[in-house]
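Scroll down for the structure; my scribbles are underneath it.
The values are calculated or read from the model by the stated rules, or taken from the named source; none is laboratory data. Predicted model only: the values in this text are computed from it and were never measured. Cβ: placed from backbone, ideal geometry, glycine included. Neighbour counts: every protein chain shown.
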Protein chains: 4
Amino acid sequence: MINIEAILNEIQEEIQPYLYQGNIANYIPALAKVNPDQFAMSIILFDGSSYNIGCCDTKFSIQSISKVFTFTKSLNIYSKELYKRVGKEPSGNPFNSLVQLEYEKGIPRNPFINAGAIVVTDTLLSHYKSKDNTFDNVLNFIKNISDNQNISFDKEVCESEYEHGFRNLALANLMKSFGNIDNCVEDVVKTYFKNCSIAMSTKELARAMLFLANHGVDPITNHQYITSSQAKRVNSVMLTCGHYDASGEFAFHVGLPGKSGVGGGIVAVVPKIMSIAVFSPRLNSWGNSLAGTKALELFTTKSGLSIF
Amino acid sequence: MINIEAILNEIQEEIQPYLYQGNIANYIPALAKVNPDQFAMSIILFDGSSYNIGCCDTKFSIQSISKVFTFTKSLNIYSKELYKRVGKEPSGNPFNSLVQLEYEKGIPRNPFINAGAIVVTDTLLSHYKSKDNTFDNVLNFIKNISDNQNISFDKEVCESEYEHGFRNLALANLMKSFGNIDNCVEDVVKTYFKNCSIAMSTKELARAMLFLANHGVDPITNHQYITSSQAKRVNSVMLTCGHYDASGEFAFHVGLPGKSGVGGGIVAVVPKIMSIAVFSPRLNSWGNSLAGTKALELFTTKSGLSIF
Amino acid sequence: MINIEAILNEIQEEIQPYLYQGNIANYIPALAKVNPDQFAMSIILFDGSSYNIGCCDTKFSIQSISKVFTFTKSLNIYSKELYKRVGKEPSGNPFNSLVQLEYEKGIPRNPFINAGAIVVTDTLLSHYKSKDNTFDNVLNFIKNISDNQNISFDKEVCESEYEHGFRNLALANLMKSFGNIDNCVEDVVKTYFKNCSIAMSTKELARAMLFLANHGVDPITNHQYITSSQAKRVNSVMLTCGHYDASGEFAFHVGLPGKSGVGGGIVAVVPKIMSIAVFSPRLNSWGNSLAGTKALELFTTKSGLSIF
Amino acid sequence: MINIEAILNEIQEEIQPYLYQGNIANYIPALAKVNPDQFAMSIILFDGSSYNIGCCDTKFSIQSISKVFTFTKSLNIYSKELYKRVGKEPSGNPFNSLVQLEYEKGIPRNPFINAGAIVVTDTLLSHYKSKDNTFDNVLNFIKNISDNQNISFDKEVCESEYEHGFRNLALANLMKSFGNIDNCVEDVVKTYFKNCSIAMSTKELARAMLFLANHGVDPITNHQYITSSQAKRVNSVMLTCGHYDASGEFAFHVGLPGKSGVGGGIVAVVPKIMSIAVFSPRLNSWGNSLAGTKALELFTTKSGLSIF
């Protein structure tokens, strides 16, 4: 059996030179204010035992990691019907490109590019009727899977996102013109940004992902959130599409289904074994946490847990 | 010298079979209500003598013909500075495509595609400060060049456009994300639609275009609206970009600088001689008035006034 | 009446500062060897009187100007059938882009981008059966319209083009895969390059274009080469598509139907009055002769002969 | 422990209704002649024990499966230098699109789209100097990893491919124009087609892939063909890019690194455990073997060996 504690101690040491490389996201002022040199890594096993290094209780903006939770929720509600409105294939384009969306008549490639997550948010809005009710349900879902009621969103980040969210408004309006947004564009985009501005620690994120490592069933509470097939789908979309235009790179270096956010967080699952979350705000050139990606790579190399 | 009256009488007769071909614009309910079988043609010479056939006093929605007036006005205010924000070349894409706009970093190809006219509207908004003041100045400009105070906009068309204007909102938001829209997106797009919903008759439109046939100077009032060079620019952009993806077709068949609108109107100028307006609501497959284009073709063929 | 001689003398003087701006085409060694500081301009009227300045007898590579002659020839053979295989609209993309060609299933936008001229060459090859016979007929056609048997091609340029012609081979193979090239790709592209490497002086080019200024009839020999409608088509395509991605710019500054080549030549017609050719090897950023474009602009400004 | 024999027997039965769905590749006559209703599946473990159902000794055209072998070979020769010329990310476009290639300056997205495999072939040609020597080395490599000297190519398929290979010639010429093909285009494309026309049975293919399931070392002969890191790379590229525009779909349904060919074959590896090959000529709408994909899905479902 692998010695997780020993491996984390090694990572703690070896990650140091990477903590000062890369740049934090600065497209909105609220994200640019974060301390750039932070690092945390949390692992949790099916028996609930957890291993942490660094600032594992520091909350940060989960940003695109929220896409995993909204996709899961919508898949649970709509099942395969969801795929009529959002695809499941890698995009081969930057995360916010309009080109493919126009050629493909407003159907986004997958739920992890912005356009896809906006459509997913629209499906939730249709189900939960109001903006507030939708966000409350998304947040409650995250609280439930985290087994933790103390999770909320960062109002400043949310407002800052919306003030600079013209490209996402362009994506949403374009999809609306193709008939692929059912609700008011402003409501959809505001809810999308609110989801992105939820703040969590690595300890909380690792806990929240555990059900995805276990066929949709939380191994601690035994609550089934989604079917085994749906969990397989979420994991396979994370592996092929979870890191924008660097998904292939991540698959090679890390070899685990995962999803990153520009806030510096990355979540990953080792199917049937554990879930992992890392945090470090400086990003590499593809917009993924530089030290976070490296820490995950070190982990799978040392533990031999890469799926390849 | 050509006998305009005789030519118009011939056109009146020959155009009959074309009046029932094509379909009216129906993307907004307000435009779909127009009587589809109407036809009018108006010509005005530099001495003020005018020639008309059909329902030449019927007002219709000028739609994209407004782009000629807003481009003229903005060119007059900003001169060559305007070209930093909007190009002067044909687009080779449908009038409302986002693809080229994304690859070219939010700079529209020319002022006669939607994105270009939206940028032009934004420049006017920056100059005239408020939405209402901007529209008033555009309308006043049109009243002045038409020598006619009795021109207004159709409120129902305007509101209907905005309710279905998601693609234009997508274009405007995309350009805003590239920094090429300075004002509030909603204000810009609303003003753009208000300009499009101005209603005029062919008699009024022909009169309004006369200064463009005469180097920027109204030959009747002798008022100079723009420089000779600017008038040449407006005319050359009309010739190369005036009819979306059928500009080459129009240049060949009609051989005059012109601009069409989905309301069924087309304006054209014979440089140094006259201006012309036609109206017939049914459109060909490129979105230009079918009988209107044919009438103009018959006119240049019979009169020998094509520029080629 | 305008004094052409006086205008040309003024141009001769005013053009000096422009002769040393821009860069010659250097994508093939054979073109890069030309003396870059040359200039010539030739005008010919319907009565045969001709006006020349500069090195008007120096032969240079006509390059894309050959597209006017092959399009004319193919239009004469196939009439409207030709448009099933090549369009008539501006492209809004660089002259050798494959993107539009792929999205539009191998049908080039117009006969003046490379793909279009390659299809036109293929239609001639189908008509004249062999590579040699096709080129001989193209050359003979040029000799006839020039009323000059002393015209040939530059073998070194031709071979140099083919050695570096990978992008044109890519275009031709792509169109072949869509079924829009009937003959052997290598034969078509070699013939295309041979046409491009025909060498002519401005005096010869001005003479060759005269029939296009006169509805398809050579005003000196009275020979009708194409119908009036076909001549109108060639002229309107020159105006809207004659200068790649600077066609709108050329339409504004010069205001005449024209066609440029990377060898430094430009031809233009003043419908019903004259034809013009200029030559100066240094190119502007769009690949058109810098001093040549300026000389034409000076000419239409001074003579008032712009069509706008 | 799973009972492979029992699982294969179940698959043999359950696959029947799928054998008559889909259509065989018919873009070349030579492929269209194959018996469409065939099926075979072969599995081999690290100890050499093998399990087979169906026509497991029938040789078929491996087509794009050859891309795995040429990529492996080139990676072994050039190591990371290879990535300067070919990427490692999913493409989000059909396998033979030119659009992305033009925008990305002739650098293909990954080695498993046609353009990428053509570049890989070019690197081998540079290394082995001649066309024949290159193919001999590729074939020998395949013979070695298969531990089987009785493998050859199908001359008729190879010639038929080249006769209809215009799009691949377009891709190669486009890359050559960007400087990303070093050898003669014709030689590169001919060698590429020769590689594609190698014929193998599922038994042979499963054996050939075994080293990729075991970190680059053949577990039977103990020969190390590539490093562990290179094997991880080949597997991760297979998972994210192995099935053209259906890679995400395959990752979900099958959950194994794999590569398909239009000849009806698919290879896959279960890291650290086994390699698998299936064959059935009828293809689904993405060009992958329909029954073959289904058989692999049944296998991972029944065995629980999906990586997710």
Check your understanding: Among the residues of region B:223-239 satisfying the criterion of being of a type in the set (V, I, T) and under 17 Å from B:S66 (Cα atoms), which is farthest from the chain's Cα centre (by Cα)?
Key -> B:I226
Revision key, fill the gap. Residue pairs within 9 Å by beta carbon, gap of at least six or interchain, first lying in region B:224-238 and touching a residue at least 12 places away in the same chain (Cβ under 8 Å) and farther than 13 Å from B:F211 by Cβ, second of a type in the set (F, W, Y) and surrounded by fewer than 24 Cβ atoms within 10 Å (Cβ to Cβ), listed first then second, are B:R233/C:F252; B:S236/C:F252; B:V237/C:F252
Check your understanding: Exactly one of (1) more than 14 Å from chain D (Cβ to nearest Cβ); (2) in a helix (DSSP H, G or I) is unmet by C:N168. Its number?
Key -> (1)
Check your understanding: So is A:D47 surrounded by fewer than 13 Cβ atoms within 10 Å (Cβ to Cβ), within 28 Å of A:I273 (Cα to Cα) and of a type in the set (D, E, K, R) or not?
Key -> yes
Revision key, fill the gap. Going through (1) under 30 Å from A:Q21 (Cβ atoms); (2) within 13 Å of chain D (Cβ to nearest Cβ); (3) in contact (Cβ under 8 Å) with a residue 24 or more places away in the chain one by one, A:G87 fails only at (1)
Review point. Under 16 Å from D:F69 (Cα atoms), among the hydroxyl-bearing types (S, T, Y), assigned by TED's automatic domain parsing to the domain that holds D:I53 and out of contact with any Asp or Glu (no Cβ under 8 Å at 6 or more places or on another chain), is that true of D:T191?
Key: no
**Study point:** Complete set of residues in region C:26-40 that are surrounded by fewer than 13 Cβ atoms within 10 Å (Cβ to Cβ) and assigned to a helix (DSSP H, G or I)
**Key:** C:P29
Check your understanding: Within the set of pairs 6+ apart or on separate chains, which have a first residue in region D:11-32 that is closer than 13 Å to D:S280 by Cα, a second that is aromatic (F, W, Y), and C-beta atoms under 8 Å apart?
Key -> D:I15/D:F39; D:L19/D:F39
**Study point:** Some residue of region B:61-69 being modelled with pLDDT of 95 or more and in a loop (DSSP other than H, G, I, E, B)
**Key:** yes
Exercise for review: Could you give me the residue pairs with C-beta distances under 8 Å whose first residue belongs to region A:281-308 and is within 14 Å of another protein chain (Cβ to nearest Cβ), whose second residue is of a type in the set (K, R) and crowded, with 24+ Cβ neighbours inside 10 Å wherever it lies, and which are 6+ apart or on separate chains?
Suggested key: A:S306/D:K232; A:F308/D:K232
Revision key, fill the gap. Expected single match for surrounded by fewer than 24 Cβ atoms within 10 Å (Cβ to Cβ) and under 18 Å from C:K294 (Cβ atoms) among C:Y18, C:Y78 is C:Y18
Practice item. State which residue is farthest from D:N222 (Cα to Cα) when the search covers only region D:149-158 and only residues that are without any contact (Cβ under 8 Å) to a residue 60 or more places away in the chain and surrounded by 15 or more Cβ atoms within 10 Å (Cβ to Cβ). Key: D:C158
Point to revise | Which numbered condition D:K194 fails, given (1) surrounded by fewer than 22 Cβ atoms within 10 Å (Cβ to Cβ); (2) away from chain A (no Cβ under 13 Å) | key: (1)
Exercise for review: Scan region D:90-114 residue by residue and report those that are over 24 Å from D:K194 (Cβ atoms), facing chain A (nearest Cβ under 9 Å) and modelled with pLDDT of 85 or more.
Suggested key: D:P90
**Study point:** Selection within region A:150-198 - of a type in the set (D, E, K, R) and more than 21 Å from A:N26 (Cα to Cα)
**Key:** A:K176, A:D182, A:E186, A:D187
**Study point:** Unmet criterion (only one of (1) within 30 Å of D:Y103 (Cβ to Cβ); (2) in contact with a Phe, Trp or Tyr (Cβ under 9 Å, 6 or more places away or on another chain)) for D:A213
**Key:** (1)
Check your understanding: Which of the residues that make up region C:205-254 are surrounded by fewer than 23 Cβ atoms within 10 Å (Cβ to Cβ), more than 14 Å from chain B (Cβ to nearest Cβ) and outside any loop (DSSP other than H, G, I, E, B)?
Key -> C:V217, C:Q224
Revision key, fill the gap. Over region C:255-281, the set of residues more than 20 Å from B:L239 (Cα to Cα) and assigned to a loop (DSSP other than H, G, I, E, B) is C:G261, C:V262, C:G263, C:G264, C:I273, C:S280, C:P281
Exercise for review: List the number of the failed condition for C:T121; all other conditions in (1) within 14 Å of chain B (Cβ to nearest Cβ); (2) crowded, with 24+ Cβ neighbours inside 10 Å; (3) among the β-branched types (V, I, T) hold.
Suggested key: (1)
**Study point:** Lone unmet requirement of (1) more than 30 Å from B:V185 (Cα to Cα); (2) not assigned by TED's automatic domain parsing to the domain that holds A:S280 for A:Q224
**Key:** (2)
Practice item. Could you grab me the full set of residues in region D:263-289 that are of a type in the set (G, A, S), more than 11 Å from D:A25 (Cβ to Cβ) and either surrounded by 24 or more Cβ atoms within 10 Å (Cβ to Cβ) or in contact with a strand residue (DSSP E or B) (Cβ under 8 Å, 6 or more places away or on another chain) (or both)? Key: D:G265, D:A268, D:S275, D:A277, D:S280
Check your understanding: Can you tell which of D:A199, D:A213, D:A208 is touching an Asp or Glu at 6+ places or on another chain (Cβ under 6 Å) and of a type in the set (G, A, S)?
Key -> D:A199
Revision key, fill the gap. Checking D:K294, D:K259 in turn, the sole residue that is closer than 30 Å to A:E297 by Cβ and either out of contact with any Ser or Thr (no Cβ under 6 Å at 6 or more places or on another chain) or not assigned by TED's automatic domain parsing to the domain that holds D:Q21 (or both) turns out to be D:K259
Exercise for review: Would you please name the residue that is farthest from the other protein chains (Cβ to nearest Cβ), looking only at residues in region C:173-191 that are within 20 Å of the chain's Cα centre (by Cα) and of a type outside the set (D, E, K, R)?
Suggested key: C:T191
